[in-house]
Amino acid sequence: MKSRHILVALAGNPNCGKTSLFNSLVGAHLKVGNYPGVTIEKTEGRLKYQKYSLTLVDLPGTYSLSPYSPEEIITRDFIIKEKPDVVLNVVDGTNLERNLYLTTQLMELGANMLIALNMYDEVLQQGTKIDIKQLQRILGCHIVPTSATRQKGLDRLLEHIVKIYEKKILIAKNKLSYDPLETDTQKLAEGRYAFINGAAQETVQYLNKPITSMTDWVDAVVINRALGIPIFLLVMWAMFQLTFKLGEAPMVWLDTLFGWLSGLVSSLLPAGLLNSLIVDGIIAGVGGVLSFVPNILLLFLGISFLEATGYMARAAFVVDRLMHKIGLHGRSFIPMLTGFGCSVPAFLACRTLKNPADRITTMLIIPFMSCGAKLPVHLLLIGAFFPAAIAGNILFGVYFFGIIFALFSAFIFKKFLFRGESEPFVMELPPYRLPSLKYLLIQMFIKAQLYIKKAGTTILFVSVLVWALTTFPSLPEHYEGNFSPIEYSLAGRIGKAVEPVIKPLGFDWKIGIALITGVAAKEVVVSTLGTIYALDEADLDDDDALALKDRISRDPIFTLPTALALLVFVLLYVPCLAATVVFHKEAGALKYTLIYFGYTCGAAWLAAFLIQRLSSLFF
């Protein structure tokens, strides 16, 4: 009796819309970027259709099955070893000939292949005419026109998957007389290209094709040698301006809400440990981090929009010449850009770099890209010490400093540690596409969900831990020393122990505690400061509702040079614990992890020291 479970593997070129199609079919909301290297490992999704349970596996985007890159190996091994019931080959209809190279290799493997002719709406808009029936006869498999973004052709696609599984649709399995495991020699490749060219000549007519498309017109400016980098900087500047200006009002509302909540809990609970735990530990810690949710969502909205339109691919292309001067190439810039969101996927994205020296170098500089977890710290300090009119400029400056420092570090690494020529950089520039509002809102919702989940787990746990460490042991009743209650606590003693190391930077023991806990997650720097300042009655002046940024701005230790030094230190020092674990796993050697930890912390200390001393001359 046939199983009611169908295993479907999705294979296709980068930028063919494979992951978008996967999302549309299974209801998942993976990150969809309009550049290669987004899906760097296989991802599973499940759905019910008719009487069957379908497991869809989104394989990495790859141009071929030659076993040279990690994505090629993952895709090839899965199809050969797992033997999926159906291989759904997602083909970009607007770029048919290039996509069919992978198709010929899937044919050689004798896979039960079904082709999703994706972006078919764009094919029709271009005036291109494809004889689908004839192409089916040539390839020996069924072809279903689809549009993943418009969710067209999905039901028909699922229907075909079931029919192939039930053998109601027979696959010709035309192997083109090739050996599927043969090395990809020039003769074999030429045979494939000849087959593809003949198939295209016989089935594709380009009607009313414009000599110059809108993409060509825009690219003439956007990737211009002289204008490309200034335009990229302008785009990033505008994004940070919007992040601050549009997020300012909601941030104030949330600050007010948590201040009101603190007052409410204080009035309902008697003074004591429980009151302090909830008000000073949980609300002050977690609430301080959640106040920045609007700004974080706006930043991720901007990044998601730039990725989905295809502009980020242009950014990598534009900086390629600059990257070559420091020993890398434009492909390294894609993981760096991913690092604006989170260092974990950025480290994983380095798998697309085939040269080991380039891969390790890129991984070592990703920590200097300001991830979303660092944003609350930046927003807190910038909001406390800079006027709102220039806040966006300062935030842009922080991110730009991170990029410059990363490029400088890459130059050092390639000059002294990882010498050798970088591989040539060849990258497809996909056509510009306007992402749907639904997709952008889904991406915002996912980021909000992850951020709130993190606030309710890691940040909550660390906030309670910091509260306990700053509360116990309590000051003896007849204590005659010079320590305040919080300095007498275990956290205070730890802070005092590390203070000599960070004092040259203008930091005190409070900042020291925050930096230590920030190794768990960078948002915890904010929650730790929130808890410490809520407990330190000397800083409160009997005003429990005072926002954290106002509290730190009134602390004598927090001068403008100190705030700038802390901005730089948080930007540069070792990322969160999860990112460090992933780095160690991906780097594959302890020596690289030691370099990663030592260099980030050492660079952070030195840069913060220089910033603090130089800015002290002017402020």
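The table below lists the values:
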read-out: Subset of region 62-86 (residues that are under 16 Å from P14 (Cα atoms), at pLDDT 85 or above and in a loop (DSSP other than H, G, I, E, B)); value: T62, Y63, S64, L65
read-out: Which listed residue is crowded, with 23+ Cβ neighbours inside 10 Å, among the hydrophobic types (A, V, I, L, M, F, W, C) and modelled with pLDDT under 95, from L47, L59; value: L59
read-out: Pairs, first outside the structural domain of V398 (by TED's automatic domain parsing) and on the phi > 0 side of the Ramachandran plot in region 230-252, second polar (S, T, N, Q) and in a helix (DSSP H, G or I), C-beta under 8 Å, six or more apart; value: none
read-out: Verdict on L328 being modelled with pLDDT under 90, within 20 Å of M236 (Cβ to Cβ) and in the same structural domain as I296 (by TED's automatic domain parsing); value: yes
read-out: Among residues of region 123-149, those that are buried (at least 18 other Cβ atoms within 10 Å of the Cβ), farther than 25 Å from I79 by Cβ and not polar (S, T, N, Q), counted; value: 2
read-out: Helices (runs of 4 or more DSSP H) fully within region 307-357 counting 2 or more residues that are among the hydroxyl-bearing types (S, T, Y); value: 330-338
read-out: Test: E108 is under 32 Å from the mean Cα position of the chain (by Cα) and among the acidic types (D, E); value: no
read-out: Only listed residue being touching a helix residue (DSSP H, G or I) at 6+ places or on another chain (Cβ under 6 Å), at pLDDT below 95, buried (at least 17 other Cβ atoms within 10 Å of the Cβ) and not small (G, A, S), chosen from L535, L546; value: L535
read-out: Matching residues in region 267-309 - criterion: being hydroxyl-bearing (S, T, Y) and either over 28 Å from T338 (Cα atoms) or buried (at least 22 other Cβ atoms within 10 Å of the Cβ) (or both); value: S267, S276, S291, S304
read-out: Counted residues, region 474-527 - those being over 28 Å from L606 (Cβ atoms), of a type in the set (A, V, I, L, M) and not in a helix (DSSP H, G or I); value: 1
read-out: The one condition in (1) within 18 Å of V26 (Cβ to Cβ); (2) in contact with an Asp or Glu (Cβ under 6 Å, 6 or more places away or on another chain) that F78 fails to fulfil; value: (2)
read-out: Residue satisfying all of: in region 62-79; surrounded by fewer than 17 Cβ atoms within 10 Å (Cβ to Cβ) and in contact (Cβ under 8 Å) with a residue 60 or more places away in the chain; nearest to the chain's Cα centre (by Cα) among these; value: Y68
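The values are calculated or read from the model by the stated rules, or taken from the named source; none is laboratory data. Model, not experiment: these values are computed from the prediction. FYI the Cβ positions are ideal-geometry reconstructions off the backbone, even for glycines, and counts take in every protein chain you see.
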